[in-house]
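Here is the structure we will look at.
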Amino acid sequence: MLLGLFFLFMLGLLLIVFSVEFRLVTKGLVITPQIKFGVGPFRVAFPQRLLAKMSQRIRRRSFANTEAVWRGTKMAWRLSNSFLQKIDLLHLEVLIGLGDPFWTALGVGSVWTVLGPILTGLRAGNRLDKAVDVQVLPDYGDPSVQVDLHCIFRFRLGQIIVNELLRARPDFLAKERSYE
């Protein structure tokens with residue numbers, strides 16, 4: 001009886017759609033993150049105290065060499081690939097001012113160079129349900145960088161587990177196809 005309830009709970013946990021609402025606003029060196037976790041239509045805010053502790057730990061990480069930066073980038077890409085299964089809302093506004101009009105224009109172009117392939121990959125992977133609102137604007141006044149990111153995405157734990165099992169054992173899928 002107890003084992004049956006456990007399996008029923010685990011099956012429900014694997015099939016339930018979870019959502020995360022992420023908001024990040026930066027103005028200069030001030031970074032304000034907000035995270036809300038949700039099940040269905042219900043969302044609960046992540047405590048700001050814990051976000052501050054996480055931010056301190058992230059800032060203490062050493063990115064002294066390019067290998068550490070590459071490892072961190074690969075891990076961030078892998079995590080985002082697993083969790084960004086469906087994106088309900090994506091609003092990104094970047095305001096870049098580098099003091100000189102030439103360098104400001106070059107900075108805006110560089111941001112679009114990074115964002116273009118990411119947005120194309122999300123669209124090609126059918127992860128975007130609605131139109132995205134992305135703006136990269138130049139600020140020809142004072143040097144500053146401001147970012148306003150608001151994103152709501154959904155995921156299923158069961159899909160993440162299946163993806164990780166397939167990633168850990170890629171030859172398993174090839175063996176299954178060879179028997180057909």
Given (1) touching an Asp or Glu at 6+ places or on another chain (Cβ under 7 Å); (2) closer than 25 Å to Lys36 by Cα, identify the lone condition not met by Arg123.
(1)
Output yes when any residue across segment 106-121 is in contact with a Phe, Trp or Tyr (Cβ under 8 Å, 6 or more places away or on another chain), over 30 Å from Phe18 (Cα atoms) and surrounded by 12 or more Cβ atoms within 10 Å (Cβ to Cβ), and no when none is.
no
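Considering only segment 1-21, state which residues are of a type outside the set (A, V, I, L, M) and at pLDDT 80 or above.
In the first step, residues of segment 1-21 are kept if they are of a type outside the set (A, V, I, L, M); the result is 4, 6-7, 9, 12, 18-19, 21.
Once the filter is applied, which keeps residues that are of a type outside the set (A, V, I, L, M) and at pLDDT 80 or above, segment 1-21 yields Phe18, Ser19, Glu21.
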Within segment 27-46, does at least one residue satisfy the condition of being over 19 Å from Leu90 (Cα atoms), within 19 Å of the chain's Cα centre (by Cα) and of a type outside the set (Val, Ile, Thr)?
yes
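Taking the condition in contact with a Ser or Thr (Cβ under 6 Å, 6 or more places away or on another chain) and either under 21 Å from Phe153 (Cα atoms) or assigned to a strand (DSSP E or B) (or both), does Gly38 pass?
Values: in contact with a Ser or Thr (Cβ under 6 Å, 6 or more places away or on another chain): yes; either under 21 Å from Phe153 (Cα atoms) or assigned to a strand (DSSP E or B) (or both): yes.
Yes, satisfied.
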Taking into account only those residues within segment 56-69 that are at pLDDT 75 or above and surrounded by 10 or more Cβ atoms within 10 Å (Cβ to Cβ), which is farthest from Ile96 (Cα to Cα)?
Ala68
For segment 141-161, indicate whether the set of residues that are in contact with a Ser or Thr (Cβ under 7 Å, 6 or more places away or on another chain), outside any strand (DSSP E or B), surrounded by 12 or more Cβ atoms within 10 Å (Cβ to Cβ) and in contact (Cβ under 8 Å) with a residue 40 or more places away in the chain is non-empty.
yes
If a residue must be out of contact with any Leu (no Cβ under 7 Å at 6 or more places or on another chain) and hydrophobic (A, V, I, L, M, F, W, C), how many such residues does segment 146-160 contain?
2
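Would you pick out the residues in segment 2-30 that are assigned to a strand (DSSP E or B) and surrounded by 14 or more Cβ atoms within 10 Å (Cβ to Cβ)?
Initial filter on segment 2-30 (assigned to a strand (DSSP E or B)): 17-27, 30.
The answer is Val17, Phe18, Ser19, Val20, Glu21, Phe22, Arg23, Leu24, Val25, Thr26.
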Of the residues that make up segment 22-40, is at least one touching a Cys at 6+ places or on another chain (Cβ under 6 Å), more than 19 Å from Pro138 (Cα to Cα) and at pLDDT 80 or above?
yes
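Residues checked against (1) farther than 26 Å from Pro41 by Cα; (2) at pLDDT 90 or above; (3) charged (D, E, K, R):
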position: Gln85; (1), (2), (3): no, no, no
position: Ile96; (1), (2), (3): yes, yes, no
position: Gly121; (1), (2), (3): yes, no, no
position: Ala124; (1), (2), (3): yes, no, no
position: Val134; (1), (2), (3): no, yes, no
position: Asp139; (1), (2), (3): yes, yes, yes
position: Cys151; (1), (2), (3): no, yes, no
position: Arg154; (1), (2), (3): no, no, yes
Could you list, in sequence order, the residues of segment 41-51 that are free of Cβ contacts under 8 Å to residues at least 12 places away in the same chain, surrounded by 10 or more Cβ atoms within 10 Å (Cβ to Cβ) and assigned to a strand (DSSP E or B)?
Val44, Ala45
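The values are calculated or read from the model by the stated rules, or taken from the named source; none is laboratory data. The structure presented is a predicted model; accordingly, all values stated were derived computationally and were not measured. Cβ: placed from backbone, ideal geometry, glycine included. Neighbour counts: every protein chain shown.
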